[in-house]
Every structure is written in C-alpha cells, then in structure tokens.
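So the structure is just underneath, and the comments pick up after that.
The values are calculated or read from the model by the stated rules, or taken from the named source; none is laboratory data. Just so we're clear, the structure is a prediction, and the values are computed from it rather than from any experiment. FYI the Cβ positions are ideal-geometry reconstructions off the backbone, even for glycines, and counts take in every protein chain you see. Keep in mind that these areas ignore ligands, DNA and RNA; they rest on the heavy atoms of the full protein, side chains included. Shrake-Rupley method; radii C 1.70, N 1.55, O 1.52, S 1.80 Å.
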Amino acid sequence: MPAPLTIRMHERDNVAIVANDGGLPAGTVLPSGLVLVDKVPQGHKVALVDLAAGDAVRRYDVSIGTALRAIPAGSWVHERLLQMPAARGLDGLPIATVKPAPLPPLEGYTFEGFRNADGSVGTRNILAITTTVQCVAGVVDFALQRIRRDLLPRYPNVDDVVALEHGYGCGVAIDAPGAEIPIRTLRNIALNPNFGGEVMVVSLGCEKLQPERLLPAGTIPLGLERSAADVGTHAAQAFDLVCLQDDAHVGFMSMIDSIVATAEKHLERLNARRRETVPASELVVGLQCGGSDAFSGVTANPALGFCTDLLVRAGATVMFSETTEVRDGIAQLTARAATPEVAAALIREMAWTDAYLGRGEVDRSANTTPGNKLGGLSNIVEKAMGSIVKSGTATIAGVLPPGEKARHKGLIYAATPASDFICGTLQLAAGMNLHVFTTGRGTPYGLAQVPVIKVATRTDLARRWHDLMDLNAGRIADGDASIEDVGWELFRLMLDVASGRSKTCGEQLKLANALVLFNPAPVT
C-alpha cells in the first residue's frame, strides 16, 4: 500500500485532506505519528489536533466552520460536524489595500488567430446562427444538419456552423427589471470574436424579442455591417434575417431553403479568412470550475492561478466569475481591487446576488452540491477558498455585470451565477475566445462556440476520463510536478489550442452544452 499522504494548506490549519486514492483506513499511522480514528475518504479532512465543541475548523488559514461536538485528533471531519459561518458583511471591507509589485511583462508569446474588423481576434472561424426565440429551434436544427452535410465540406476554412439556441424570446416579462440581462447576453454572444462579424438571425416573427430589439441599429461595431446588397430586403439592418412567418415561405422546406441560402453567403466570406500571428494579449480567457472537490484548491485551481498571472503579464484579458463561489472571499477581492471604484463594483454585484437569493428564499449554502461534499468540500466557505485561487495574484482591473462585454485588458471579475451552463454563456457574451474549466468530480461540459480546455484535479480522474480531460493537474498532489510546472504547461497548451494546432477533447468528441441565458425577470 502506498505511504499515507495528507495535504495541509497552511501552517495554522488544524485539518488536512487525505490525498491517497481510495482514502485511508482507520488505524493508519500518518508520518507525523497521528493515528486515524476513522476511515477517511480521499479528499476529505482529518483533524490534526483535538477540537472541542465550538472550536474553529481552519483550512486555507480560514475558519470554514465551528465544530458541533468534540472531534478527537485523527477523526474524519465532514460537513455534518460543522456549523457554517455566517456570510461576511459587505461593509467595513478592505478597499484596494493590496498593492503588489507590478508583474514583469511576458513578451514574445503569440498564437495564430483570426483578426476581425472590430479589432478583436477569434480562435475559431465559426458561422453562428442567432435565434430570437425558442420556437424556431427545431427548424434551425434541421437546417443546420443540411448545412453541415451539404455546404460545410465546400468551405474547409470554416470550423463549424452552430445555432445560438436558447429558451428565451417569448412568454417572458420582457420589459421587467432584469430582462435586460438575457437580451444583452444574447446580443453580445452574437458578436463573439469567434464568429467573424457574420451576423445571421432566424426569427419566428411574432415573438416578444423582435430582431430589431435584439440588435438595434448601432449595436454591431463599425466594420462588421454589410451593405444593402448583402442584407437583401432588410437594408436598414446590419445583419441577415430569415423570418419564418414571412409570406414568401410556403411550406417547411421553403424555410429551410431560405436559411441554407443565407448561410452560404456567410460561409463564403468566412472561408476567405486566414489565421495570422497575433500576440498572446489578444486572448480573452474565461475561467471556470465545476464538479469541484477538495483537490480543486490544491492542484488545478492554483495551477490555473499561476497561468492567470502569466496571461495578465502577457497583456491578455482573463475573467473569473461565479458570484456565490467567491462571495465568502469578498474581503480578499476588494483588497485586490485596482481602485476604490472597482471595489465598489465588486460589492455592488455581491449585494445584488444577496438580494436575488433572498427573494428566492435561499442563501449561498444552496451552491454546494452533493458531489462537492462527496469530494470533501464541507460547505461553500471551503469551496470559495479553492475557487478564488484560480484568479491568481494580479490586481482586479474591472468588474462586468452579467451579459456585458469586456473592454479592458487584465484580470476582470465577470459577475455570473455559479451554474456551469449560465456562467459559460455569460462569459461567451463577455467576448471570451478560449475557456478553461477545472474539475475534480468530472464533467463532460463543453461549448460549441469556443474551445474548452478541461483540467483534472486528480490523477485518478485523468486516468479514468482519459479522453475527456486535456490536462492532469493531479500530478501536483502526486509529487510529480509543481504548480508552476503545470501552470506553464497549461499556458502553452492554451496557445496551441487558440492557434488550432491542438483540439480539445471536447472538440474532438463534439461535446457541447446548450446555452442557458440568465433571466432573473418573471416568466409569464
């Protein structure tokens, strides 16, 4: 049997996690001489000292709860033994107090990308068909199958054609407070850098989200508009529109023919595009974690945090998100804010989410899933500490409300719910052209619109899901690699994936989740 291995995150911690595959049985003698009282599963915590009822249980040098009863040294410490702390208030926070020395520039790193007329750069060359309402999804899917079968082989420089299908557009209180979030989200997704400025819309005709409301005049950046000849009868619009209720459509196949013919014009233009060498500063990277476990904050997220600092040094835009997963670290975030205004924006987004959850009569504890707990995370406080570390050490340069587009370089907080699907959708709207997703329990999550690099927190997961994980950060816990080693490996992999030299496991398998718009407004 391998030697028992535990990981303690800070010298003041009074618990450590068990790193061995399969955990450790009761009676195991740790290198310190401590004898396990209980069997402790992998990733779960063991008490390093005797804890009395009411004592703080510390991991990451943070109190993740208080003991509900006496816990002898060597015992398994799990969520049923802990009282979760109350959320930190949003007043009296440290404001822009952390002033780290500027990170030295990281120069000379490039990737092969597609330059767009608005100055953005894509990592893929994709035709995206925007939909205004769920009603058209079946028709668009039928047309998509024909386009992929009959047209796409004739345009080898186009990576794919995808539908921006969603569950919004009608049956909603479209003028209610909060309705602006899903509308601007869908609008900004349509303008994602990976779509090359080719804006094509399919609508039903009677929906509440009319095309002109989704993409009003002036919202498509200068340089992406098409001439009147390009947009046919919709000369006043800067996009091509196929409306299924138009009188010209007689029968189902007429609708399909119209979508296919319109798509072909866009495919012709996209096919003329070529990759060119661009600096790494043109990357817009979204960071996310899902199916998290106790190793997330030990291996994958610290390595991603190191990589985040490399990206910031290279001049890129990097977004971290998931408001309920960072809420308990708000003091860390406001301290790292570049300015008091950035700190105020962070507080504003946390307060908005607190109120949103309050209206639903839930609190932040609703975030932690059964899988998180099986993986050793006792509560949202512990989960938050491991989540924040993927943001690295750079100052936070800006804050994006849900659905807004990133317009600045550096480290950005993009406010989103923690839901994998909603977070990814909102980061697409923010303009990300590359996604990094860390996971401990495992998830086949993916996006059709942007490459998603999956990083495993444990070697066992990387071994079992060998064709779903792109990088194994579990080697850090195994002692076979350092955080810096894996961080640099991830950075170089990102450049290869962005250049099209490598395809992610999800791309090769064509795994993709549906877009899920965040709609806090009522459904009628």
Report summary line: The extension gain from residue 142 to residue 484, computed as 0.36 nm times the residue separation minus the Cα-Cα distance, is 118.4 nm
Report task. With all protein chains present, calculate the accessible area of residue 445 using a 1.4 Å probe and round the result to the nearest 10 Å². Result -> 10 Å²
Query raised in the report: Hey, with R₀ at 25 Å, roughly what FRET efficiency would residue 37 and residue 3 work out to, going by the Cβ-Cβ distance, to 0.05?
Result: 0.80
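Work out how much length residue 331 to residue 348 would gain on full extension: take 0.36 nm times their residue separation and subtract the Cα-Cα distance, in nm to one decimal.
Computed gain between residue 331 and residue 348 is 4.8 nm.
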Query raised in the report: Where does helix 420-429 land angle-wise versus the long Cα axis of the chain, in degrees 0 to 90, nearest 10?
Result: 50 degrees
Query raised in the report: Which label belongs to the value computed from this structure, given these candidates for Rg and Dmax of the Cα atoms in Å: [x] 22.7, 72; [y] 28.4, 115; [z] 24.4, 82?
Result: [z]
Query raised in the report: How large, in percent, is the carbon and sulfur part of the accessible surface of the chain at a probe radius of 1.4 Å?
Result: 55 percent
Report summary line: Row for the range 355-426, column shape: gyration tensor on C-alpha, a ≥ b ≥ c, rounded if a/c < 1.5 i.e. under 1.5, prolate if a/b over b/c, else oblate; value oblate
Report task. Working from Cα positions, state the angle (0 to 90°, nearest 10) between the long axis of helix 252-271 and the longest principal axis of the chain. Result -> 70 degrees
Query - Antiparallel content of DSSP bridges confined to the chain, in %, to 5 - result: 40 percent
Report summary line: So for the range 286-341, using the alpha carbon gyration tensor with a ≥ b ≥ c as root eigenvalues (a/c under 1.5 gives rounded; past that, a/b versus b/c decides prolate or oblate), I'd call it oblate
Report summary line: Between the alpha carbon centres of the range 75-107 and the range 304-355 the gap in Å comes to 11 Å
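Could you give the length gained by full extension between residue 245 and residue 363, i.e. 0.36 nm per residue of separation minus their alpha carbon distance, to one decimal place?
38.1 nm
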Report summary line: If every Lys and Arg gets +1 and every Asp and Glu gets -1 at its Cβ, then about the Cα centre the chain yields a dipole, in debye to the nearest 20, of 540 debye
Requested in this report: Under a cut-off of 24 Å between alpha-carbon atoms, report the lysines in cross-link reach of residue 208, not counting same-chain residues fewer than 8 places apart.
Outcome: 405
Query - Probe 1.4 Å, accessible area per residue of the chain, Å² - result: 38 Å²
Report task. Mind giving me the FRET efficiency for residue 118 and residue 467? R0 is 35 Å, r the Cβ-Cβ distance, nearest 0.05 is fine. Result -> 0.45
Query raised in the report: Any idea which of 433, 377, 46 is furthest toward the positive side of the dipole for the chain, if Lys and Arg beta-carbons carry +1 and Asp and Glu beta-carbons -1?
Result: 46
**Report entry** Out-of-range pairs (alpha-carbon distance over 19 Å; input 39/373; 373/454; 390/510; 265/510)
**Finding:** 373/454; 390/510; 265/510
Query raised in the report: To the nearest 0.05, what FRET efficiency results for residue 68 and residue 11 with a Förster distance of 25 Å applied to their C-beta separation?
Result: 0.45
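What's the local net charge at residue 289, with K and R +1, D and E -1, over the other residues with C-beta under 11 Å away? Each step should come with its number before you reach the end.
Details: positive: 383, 390, 441, 454; negative: 293, 322, 325, 420.
Within the 11 Å Cβ shell, the charges total 0.
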Requested in this report: Treating cross-link reach as a plain straight distance, find the aspartates and glutamates whose alpha-carbon is under 16 Å from the alpha-carbon of residue 99, omitting any fewer than eight places away in the same chain.
Outcome: 309, 341
Report summary line: Here the averaged projected area of the range 77-194, based on the convex hull of its alpha-carbon atoms and given in nm², is 16.3 nm²
Requested in this report: Find how many whole Å separate the alpha carbon centroid of the range 22-40 from the alpha carbon centroid of the range 464-518.
Outcome: 33 Å
Report summary line: Expressed in angstrom and rounded, the centroid-to-centroid distance over alpha carbons for the range 167-209 and the range 260-299 is 20 Å
Report task. Could you work out how far apart the two model spin labels at residue 86 and residue 499 are, taking each label as a point 7 Å from the Cα in the direction of the beta carbon, and quote it in nm? Result -> 5.5 nm
